[in-house]
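Please treat every number below as a calculation from the coordinates, not as lab data. Please read all numbers here as calculations on a predicted model, not as lab measurements. As a convention, Cβ positions derive from the backbone with ideal geometry for all residues, glycine included, and neighbour counts pool all protein chains shown.
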Amino acid sequence: MLSEIREDPTRRADVFVQRWQGLEQQRRALKIYHEDTKVRAIENTMIGMAKSLERDPQVESILRNRKVQLGIGATSGASVGRELADMIGRGRSRGLGIGM
């Protein structure tokens, strides 16, 4: 099964979306309880995932049609990886600004 996922960009995109959605759910829940250290750890994982799309242009291309599932707007012209990293980065900077 792992070899099938490695060989099929559509399956890799499916796994990416499922993992992203799960991490985003965890991140939101932890933010409610102000678990900042755990939130940052999840955000770092998500940023790593976003950056990994630079090395997988086939998945990046497939995900362009699935932006809504990833929580990003469908109209931007930026790469999916860049949009995801920016989305997480903005969320983090807003959180840091509150305590200052």
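The Kirkwood radius of the chain, taken over pairs of alpha-carbon atoms, gives through the Stokes-Einstein law at 4 °C and 1.567 mPa s a diffusion coefficient of 91 µm² s⁻¹. In the chain, helices alone account for a calculated mean residue ellipticity at 222 nm of -24500 deg cm²/dmol, with every DSSP H run of four or more residues adding -39,500 (n - 2.57).
Might you report the magnitude of the Cβ-based charge dipole of the chain about its Cα centre, with Lys and Arg at +1 and Asp and Glu at -1, to the nearest 20 debye? Let's see the in-between values first.
Values: 18 positive and 13 negative charges, 62 e Å.
Roughly 300 debye, rounded to the nearest 20.
Using alpha carbons only, the radius of gyration of the stretch 41-84 set against its Kirkwood radius gives Rg/Rh = 0.95. Excluding same-chain neighbours fewer than eight residues apart, the lysines reachable from K67 by a Cα-Cα span under 21 Å are K51. May I ask for the net charge around A74, where only other residues with Cβ less than 10 Å from the Cβ of A74 are counted and Lys, Arg are +1 while Asp, Glu are -1? Spelling it out: positives minus negatives among the neighbours equals +3. With contacts taken as Cα pairs under 8 Å at a separation of at least 6 residues, the stretch 2-98 carries a relative contact order of 28 percent.
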